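Trainee: Below is one structure. I have some questions about it.
A short reminder: the numbers here are calculations on the coordinates, not readings from a lab. Not measured: the values here are computed from a predicted model. With ideal geometry, Cβ positions are generated from the backbone for all residues, glycine too; neighbour counts draw on all protein chains shown.
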């Protein structure tokens, strides 16, 4: 009897230990996941999943599918994603949703032959592809990656606990309540970029075939078999990038493979790329990725293919249609905001900000005279130079001590404490308070009420007349230190 008690005690200890490790790993997991839209979408609401690497993230705009044909879609991607990772991402997608169609970008099939070498692919893949839920598929992905990739494995890249073991210093209630299943992404896995960098159009032509890396072929077979088993329509594509001669030969092999398996293949490299009428001067962000203009062309081409070959679309109804409509409006808002965030003329920047009541500009300044340019811009917007009152006066009173100040206020629609570590006469302007005099050189945060988040920080240098933008990614406290 005593023997059984010890055994039961040991088993309970093991279960409790594993549960604690599981909970701690979830607590310390990365705050970001490329699958936020997949996880947070209502069950049964996703019609189509687009799977692949950063080429998918930059090259396909899911909101356009909904606008044109009421197809609810999402990108399921990770950086430098080889085909075996794509297989596990498809398994994850099928466990979360019941899509009718999976579009698979085949760039991962060029593993070992592309502009990025296997060592770099594996390193980036290990660092960025393990933010899926901790489940059997997660463990299978780790095992697969260590078996078929190069011997560059670092288990800290695979597991949350060793990767983020120092994160206990950052613990707060937000971390305790963090749940990627509630963290909606209205861009649906699309990474917007207006940046344009001219590229040399490739002109490789060949009828030869090059067989891809053996494990790429093995896992492509697994993907085909999985989609057949789950009765999901599979479409292959190759999103445009600046390819090399060997990749054209792999593309030829993939065309044969697709034909043999009866799978549509929309390749946008080689001769097929010409049907998109891509402009290599304006449609690329860099040699591996499209910008917004290139992504629009690819998405419209894929949408047209779906319209012609899948009569179920456009759908007559979708249980989440209102939500997808709202997401599209936010997508359009992001396009507008990014144009503003690319403006380098201060006067025009402020004109656009103050013309839209959804934007709020939070300024941090010394109590110094306005420059003529800034004064005129503010005056056009109906904002007069005035003394600082209320919150600003409160800041002035305590900042003269050169100490640490903590003030109760409401910032970005959230009530709470804001911490300041400033010297004398540093001020902050909220739109709810009277305007204040500001220095010729200043920092500011642009907040958008429509998207309900800060968009960027800006810094204006009066001497050079330059306006520097930095997308907002840090805590508001750290910004003004």
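Trainee: Ranking request for peptides 129-135, 260-266: highest mean number of other beta-carbon atoms within 10 Å first, then the rest in descending order.
Mentor: Ranked by mean Cβ neighbours within 10 Å, highest first: 129-135, 260-266.
Trainee: State the volume of the convex hull built on the alpha-carbon positions of segment 100-141, expressed per residue in Å³ and rounded to an integer.
Mentor: Once divided by residue count, the hull of segment 100-141 is 105 Å³.
Trainee: Report the normalised scattering of segment 31-335 as log10 I(q)/I(0) at q = 0.07, 0.16 Å⁻¹, calculated by the Debye formula with identical scatterers on the alpha carbons.
Mentor: -0.26, -1.44
Trainee: Let me ask something else. Under 8 Å for C-alpha pairs, at least 6 residues apart: give me the relative contact order for segment 31-335, rounded to a whole percent.
Mentor: 28 percent
Trainee: Starting at 0 and stepping by 10 Å, how many percent of the alpha carbon pairs of segment 58-134 end up in each bin?
Mentor: Taking all Cα pairs of segment 58-134, the binned fractions are 16, 44, 31, 9, 0 percent.
Trainee: For residue 15 and residue 40, calculate 0.36 nm times their separation in residues minus their Cα-Cα distance, and state this gained length in nm to one decimal.
Mentor: Computed gain between residue 15 and residue 40 is 6.1 nm.
Trainee: Report Rg/Rh for segment 246-320, rounded to two decimals, where Rg is the Cα radius of gyration and Rh the Kirkwood radius.
Mentor: My calculation puts Rg/Rh at 1.05.
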